[in-house]
(Lines give C-alpha, C1' and ligand atoms only; values in the text may rest on other atoms or scores of the structure.)
Protein backbone atom coordinates (compact mmCIF):
# COMPACT_ATOMS: atom_id res chain seq x y z
CA UNK A 1 0.00 0.00 0.00
CA UNK A 2 2.75 2.49 0.98
CA UNK A 3 4.83 1.50 -2.07
CA UNK A 4 1.89 2.16 -4.42
CA UNK A 5 1.27 5.49 -2.72
CA UNK A 6 4.95 6.50 -3.05
CA UNK A 7 5.04 5.35 -6.69
CA UNK A 8 1.99 7.52 -7.45
CA UNK A 9 3.68 10.58 -5.94
CA UNK A 10 6.89 9.91 -7.91
CA UNK A 11 4.90 9.44 -11.14
CA UNK A 12 3.07 12.73 -10.58
CA UNK A 13 6.37 14.48 -9.88
CA UNK A 14 7.88 13.16 -13.11
CA UNK A 15 4.79 14.17 -15.07
CA UNK A 16 4.91 17.67 -13.61
CA UNK A 17 8.63 17.88 -14.42
CA UNK A 18 8.02 16.90 -18.05
CA UNK A 19 5.19 19.40 -18.45
CA UNK A 20 7.28 22.18 -16.93
CA UNK A 21 10.29 21.35 -19.12
CA UNK A 22 8.22 21.50 -22.29
CA UNK A 23 6.31 24.62 -21.35
CA UNK A 24 9.48 26.59 -20.46
CA UNK A 25 7.29 29.30 -19.05
CA UNK A 26 6.27 28.25 -15.57
CA UNK A 27 8.51 26.79 -12.91
CA UNK A 28 8.30 23.48 -11.05
CA UNK A 29 9.93 22.57 -7.76
CA UNK A 30 10.62 19.63 -5.46
CA UNK A 31 11.21 19.73 -1.73
CA UNK A 32 12.05 17.26 1.06
CA UNK A 33 12.32 19.01 4.41
CA UNK A 34 12.12 18.27 8.14
CA UNK A 35 8.85 19.19 9.83
CA UNK A 36 7.54 19.46 13.38
CA UNK A 37 3.85 19.56 14.28
CA UNK A 38 2.33 20.46 17.62
CA UNK A 39 -0.99 18.61 17.77
CA UNK A 40 -3.45 19.62 20.47
CA UNK A 41 -6.98 18.85 21.52
CA UNK A 42 -9.20 20.26 24.27
CA UNK A 43 -10.31 16.73 25.21
CA UNK A 44 -7.95 14.41 27.12
CA UNK A 45 -8.76 11.04 25.55
CA UNK A 46 -7.99 7.67 27.16
CA UNK A 47 -8.03 4.06 26.11
CA UNK A 48 -6.33 2.24 23.23
CA UNK A 49 -7.37 4.84 20.64
CA UNK A 50 -6.03 7.94 22.40
CA UNK A 51 -4.00 9.51 19.57
CA UNK A 52 -2.15 12.06 21.71
CA UNK A 53 -1.46 9.54 24.49
CA UNK A 54 -3.30 8.56 27.63
CA UNK A 55 -5.10 11.56 29.17
CA UNK A 56 -2.94 13.95 27.15
CA UNK A 57 -4.13 17.07 25.32
CA UNK A 58 -1.02 17.72 23.19
CA UNK A 59 2.01 16.11 21.58
CA UNK A 60 4.81 17.18 19.24
CA UNK A 61 5.32 15.08 16.10
CA UNK A 62 8.51 15.06 14.01
CA UNK A 63 9.09 13.82 10.49
CA UNK A 64 9.57 14.77 6.86
CA UNK A 65 7.55 16.93 4.51
CA UNK A 66 7.96 16.38 0.78
CA UNK A 67 6.11 17.60 -2.24
CA UNK A 68 6.01 19.09 -5.70
CA UNK A 69 4.89 22.53 -6.72
CA UNK A 70 4.29 24.40 -9.94
CA UNK A 71 4.12 28.17 -10.39
CA UNK A 72 2.36 29.39 -13.52
CA UNK A 73 4.10 32.03 -15.66
CA UNK A 74 3.56 35.63 -14.61
CA UNK A 75 4.95 39.00 -15.65
CA UNK A 76 3.96 40.62 -12.34
CA UNK A 77 5.09 40.33 -8.74
CA UNK A 78 2.11 38.06 -8.03
CA UNK A 79 2.19 34.44 -9.19
CA UNK A 80 -0.32 31.60 -8.89
CA UNK A 81 0.43 27.90 -8.79
CA UNK A 82 -0.35 24.51 -7.26
CA UNK A 83 1.26 22.44 -4.51
CA UNK A 84 0.92 18.75 -3.62
CA UNK A 85 2.54 17.67 -0.36
CA UNK A 86 2.84 14.70 1.95
CA UNK A 87 4.07 14.64 5.55
CA UNK A 88 5.05 11.52 7.49
CA UNK A 89 5.42 12.05 11.25
CA UNK A 90 5.72 10.10 14.51
CA UNK A 91 5.53 10.78 18.27
CA UNK A 92 5.22 8.41 21.25
CA UNK A 93 4.66 5.44 18.87
CA UNK A 94 1.73 7.27 17.23
CA UNK A 95 1.77 7.86 13.48
CA UNK A 96 0.46 10.72 11.34
CA UNK A 97 0.38 11.04 7.55
CA UNK A 98 -0.97 14.16 5.81
CA UNK A 99 -1.54 14.24 2.03
CA UNK A 100 -2.64 17.74 1.00
CA UNK A 101 -3.14 19.70 -2.23
CA UNK A 102 -4.02 23.30 -2.89
CA UNK A 103 -3.40 26.48 -4.83
CA UNK A 104 -0.34 28.69 -4.23
CA UNK A 105 -0.33 32.47 -4.18
CA UNK A 106 3.22 33.84 -4.37
CA UNK A 107 4.21 37.49 -3.92
CA UNK A 108 7.65 39.03 -4.53
CA UNK A 109 7.46 42.41 -2.78
CA UNK A 110 11.20 42.69 -2.05
CA UNK A 111 14.18 43.83 -4.13
CA UNK A 112 16.07 40.79 -2.93
CA UNK A 113 15.26 37.37 -4.46
CA UNK A 114 12.74 36.46 -1.77
CA UNK A 115 9.11 35.47 -2.11
CA UNK A 116 6.21 35.09 0.30
CA UNK A 117 3.55 32.46 -0.31
CA UNK A 118 0.27 31.26 1.10
CA UNK A 119 -1.47 27.95 0.35
CA UNK A 120 -4.99 26.93 1.41
CA UNK A 121 -4.97 23.12 1.37
CA UNK A 122 -7.31 20.15 1.65
CA UNK A 123 -6.65 16.43 1.57
CA UNK A 124 -6.48 13.22 3.54
CA UNK A 125 -5.10 12.76 7.05
CA UNK A 126 -4.26 9.29 8.36
CA UNK A 127 -3.68 8.83 12.08
CA UNK A 128 -2.77 5.86 14.28
CA UNK A 129 -2.81 5.93 18.07
CA UNK A 130 0.22 4.59 20.01
CA UNK A 131 -1.44 1.32 21.12
CA UNK A 132 -3.71 0.79 18.11
CA UNK A 133 -3.32 -1.29 14.96
CA UNK A 134 -6.12 0.48 13.10
CA UNK A 135 -5.61 3.63 11.04
CA UNK A 136 -8.28 6.33 10.77
CA UNK A 137 -8.58 8.28 7.49
CA UNK A 138 -10.38 11.63 7.56
CA UNK A 139 -10.56 14.84 5.52
CA UNK A 140 -7.95 17.39 6.58
CA UNK A 141 -7.88 21.07 5.73
CA UNK A 142 -5.79 24.10 6.60
CA UNK A 143 -3.44 26.79 5.36
CA UNK A 144 0.35 27.14 4.96
CA UNK A 145 2.51 30.21 4.50
CA UNK A 146 6.20 30.91 4.30
CA UNK A 147 9.22 32.68 2.88
CA UNK A 148 11.53 31.31 0.17
CA UNK A 149 14.88 32.94 -0.62
CA UNK A 150 16.76 32.14 -3.83
CA UNK A 151 20.39 31.27 -3.03
CA UNK A 152 21.26 29.83 -6.45
CA UNK A 153 19.56 29.77 -9.84
CA UNK A 154 17.72 26.48 -9.13
CA UNK A 155 17.81 26.36 -5.32
CA UNK A 156 15.62 28.24 -2.85
CA UNK A 157 16.18 28.26 0.89
CA UNK A 158 12.81 27.80 2.55
CA UNK A 159 13.60 30.18 5.40
CA UNK A 160 10.45 29.16 7.25
CA UNK A 161 7.06 27.63 6.68
CA UNK A 162 4.22 27.77 9.21
CA UNK A 163 0.88 26.06 8.81
CA UNK A 164 -2.36 25.30 10.58
CA UNK A 165 -4.42 22.20 9.82
CA UNK A 166 -7.39 20.49 11.44
CA UNK A 167 -8.02 16.74 11.46
CA UNK A 168 -10.39 14.33 13.21
CA UNK A 169 -7.68 11.94 14.43
CA UNK A 170 -8.06 8.43 15.80
CA UNK A 171 -9.85 8.56 19.15
CA UNK A 172 -12.46 6.91 21.33
CA UNK A 173 -15.06 8.59 19.11
CA UNK A 174 -13.72 7.71 15.65
CA UNK A 175 -13.14 4.05 16.56
CA UNK A 176 -15.12 3.20 19.68
CA UNK A 177 -17.82 5.86 19.45
CA UNK A 178 -17.97 6.35 23.23
CA UNK A 179 -16.86 10.00 23.54
CA UNK A 180 -17.33 13.30 21.70
CA UNK A 181 -13.73 14.12 20.79
CA UNK A 182 -13.22 17.35 18.79
CA UNK A 183 -10.86 17.68 15.83
CA UNK A 184 -7.15 17.96 16.55
CA UNK A 185 -5.56 21.33 15.79
CA UNK A 186 -2.07 21.10 14.32
CA UNK A 187 0.51 23.89 14.10
CA UNK A 188 3.20 23.03 11.52
CA UNK A 189 6.79 24.31 11.38
CA UNK A 190 9.25 23.50 8.58
CA UNK A 191 12.42 24.75 6.88
CA UNK A 192 14.77 23.44 4.22
CA UNK A 193 15.32 23.75 0.48
CA UNK A 194 13.25 23.83 -2.70
CA UNK A 195 14.92 22.57 -5.91
CA UNK A 196 13.47 24.34 -8.94
CA UNK A 197 13.55 23.55 -12.66
CA UNK A 198 13.85 24.21 -15.57
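The values are calculated or read from the model by the stated rules, or taken from the named source; none is laboratory data. None of these values were measured; they are calculated from a predicted model. Virtual Cβ from ideal backbone geometry, glycine too; neighbours counted across all protein chains shown.
Here are the numbers for this structure:
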| read-out | value |
| --- | --- |
| Enumeration of residues in region 157-177 that are over 18 Å from the mean Cα position of the chain (by Cα) and either in a strand (DSSP E or B) or touching a residue at least 60 places away in the same chain (Cβ under 8 Å) (or both) | 170, 171, 172, 174, 175, 176 |
| Search result, residues across region 135-156 that are surrounded by fewer than 16 Cβ atoms within 10 Å (Cβ to Cβ) and in contact (Cβ under 8 Å) with a residue 60 or more places away in the chain | none |
| Residue list for region 184-193, filter: under 14 Å from the mean Cα position of the chain (by Cα) and either at positive phi or surrounded by 18 or more Cβ atoms within 10 Å (Cβ to Cβ) (or both) | 186, 188, 190, 192 |
| Output for region 81-105, where each listed residue is under 12 Å from residue 127 (Cβ atoms) and either free of Cβ contacts under 8 Å to residues at least 12 places away in the same chain or surrounded by fewer than 17 Cβ atoms within 10 Å (Cβ to Cβ) (or both) | 90 |
| Any chance residue 181 is out of contact with any strand residue (DSSP E or B) (no Cβ under 6 Å at 6 or more places or on another chain) and either outside any strand (DSSP E or B) or surrounded by fewer than 19 Cβ atoms within 10 Å (Cβ to Cβ) (or both) | yes |
| Residue identified as surrounded by fewer than 19 Cβ atoms within 10 Å (Cβ to Cβ), modelled with pLDDT of 90 or more and either within 15 Å of the chain's Cα centre (by Cα) or closer than 30 Å to residue 132 by Cβ (or both) among 31, 62, 43 | 62 |
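Residue-wise test of (1) assigned to a strand (DSSP E or B); (2) closer than 19 Å to residue 160 by Cα.
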{"site": "68", "(1), (2)": "yes, yes"}
{"site": "75", "(1), (2)": "no, no"}
{"site": "84", "(1), (2)": "yes, yes"}
{"site": "95", "(1), (2)": "yes, no"}
{"site": "99", "(1), (2)": "yes, no"}
{"site": "103", "(1), (2)": "yes, yes"}
{"site": "109", "(1), (2)": "no, yes"}
{"site": "118", "(1), (2)": "yes, yes"}
{"site": "122", "(1), (2)": "yes, no"}
